[in-house]
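A.B. asks: One structure follows; several queries about it will come next.
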Amino acid sequence: MQRDRIEAILQSLRVAYPGARSRLKYSNAFELLVAAILSAQTTDDQVNKVTVELFRRYPTPAALAAADPEEVAACIKSLGLYRMKAAHLVAACRNLVEKYGGRVPDNLEELLDLPGVGRKVANVVLSNAYGRDVIAVDTHVFRVANRLGLACAGNVRETEKQLMAVLPPGSRGEAHHLLIYHGRAVCRARRPGCRECVVSSYCENKTYNYSDEDHNSRGKASQ
């Protein structure tokens, strides 16, 4: 892929979403890890609502490691999959305390060893807490990257691999946030706003480039 094309896409997104950054609220690597684990199948805003109280009750890995999973579940019960997430949080923090002295690991292999942590969560922590030049691929990044031709992959892991290969060094963390912002605001899964898209000229999935009027008429016809 031509470097000029990639840079043009990134620059257009920079202009559209200045200051794009994580919406999760955290003050250290531990809080980011917790918030990222909780964010699965849940919006960042919903996570932020529960972590205020969660971090007040359990401000350290040691405190959360000693917690009753049922009490943690009660604290986050407004989130989807809250019982499973509570169990993961307690188990992950026990690992942090027992294996790493309460420190959140700063490498992929050790992070992936923690319960509830997959590649997306691990890369979110590495990028945002430790400044590593990696890209976390969630559903938004996967969708937008493949529509724009930044990747051509059928799964998240391959998309991550391809993005790491084509994105300029030093831009991967930024690209993660830009693609998420664009996926949320415009390049949505079901109703992409192609007419308002600042990078529509680079879109390789032309089946999404129909007008709002076309979409509305299709919706009415199906009702």
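A.B. asks: How high is the FRET efficiency between Ala91 and Arg3 when r is their beta carbon distance and R₀ equals 45 Å, given to the nearest 0.05? Let's see the in-between values first.
C.D. replies: Details: r = 43 Å, r/R0 = 0.96.
Once the sixth-power term is evaluated, E becomes 0.55.
A.B. asks: Please give the net charge around Ser39, taking every other residue with its beta carbon less than 15 angstrom from that of Ser39, where Lys and Arg add +1 and Asp and Glu add -1. Could the numbers behind the result be given before it?
C.D. replies: Values: positive: Arg21, Arg23, Lys25, Lys49, Lys85, Arg119, Lys120, Arg184; negative: Glu31, Asp44, Asp45, Asp138.
Within the 15 Å Cβ shell, the charges total +4.
A.B. asks: While we're on this one: Which net charge results for the neighbourhood of Leu108, defined as the other residues with beta-carbon distances under 15 angstrom from its beta-carbon, given Lys and Arg at +1 and Asp and Glu at -1? Each step should come with its number before you reach the end.
C.D. replies: Values: positive: Arg119, Lys120, Arg132, Arg157, Lys161, Arg172; negative: Asp106, Glu109, Glu110, Asp113, Asp133, Glu160.
Around Leu108, the surrounding residues sum to 0.
A.B. asks: Another question, if that's okay. Can you grab the distance from the C-alpha centre of the range 110-132 to the C-alpha centre of the range 155-208, Å, no decimals?
C.D. replies: The distance from the Cα centre of the range 110-132 to that of the range 155-208 comes to 21 Å.
A.B. asks: How high is the FRET efficiency from Arg119 to Glu98, r the C-beta distance, R0 22 Å, rounded to 0.05?
C.D. replies: Approximately 0.45, to the nearest 0.05.
A.B. asks: In degrees, nearest 10, range 0 to 90: what is the angle between the Cα axis of helix 44-57 and the longest Cα principal axis of the chain?
C.D. replies: 10 degrees
A.B. asks: Still on this model: Helix 156-166 versus the longest principal axis of the chain: what angle, 0 to 90°, nearest 10, using Cα atoms?
C.D. replies: Tilt of helix 156-166: around 70 degrees.
A.B. asks: Continuing with this model, one more query. Using the Kirkwood formula on the Cα atoms of the chain, what hydrodynamic radius do you get, in angstrom to one decimal? Spell out each step's value before the answer.
C.D. replies: Details: mean 1/r = 0.0534 Å⁻¹.
For the chain, the Kirkwood estimate is 18.7 Å.
A.B. asks: Relative to the longest principal axis of the C-alpha atoms of the chain, give the angle of the C-alpha long axis of helix 29-38, reported between 0 and 90° and rounded to the nearest 10°.
C.D. replies: Roughly 70 degrees, rounded to the nearest 10.
A.B. asks: Give me the net charge for the shell around Asp133: Cβ to Cβ below 14 angstrom, other residues only, Lys and Arg +1, Asp and Glu -1. Walk me through the numbers before you get to the answer.
C.D. replies: On the way: positive: Arg132, Arg172; negative: Asp106, Glu160, Glu174.
Charge balance near Asp133 sits at -1.
A.B. asks: Please give the Cα centre distance for the range 42-82 versus the range 1-28, rounded to the nearest Å.
C.D. replies: 30 Å
Coordinate-derived values only; no laboratory data. Because the structure is a prediction, the values reported are computed rather than measured. So basically every Cβ, Gly included, is an ideal-geometry build from the backbone, and we count neighbours across all protein chains shown.
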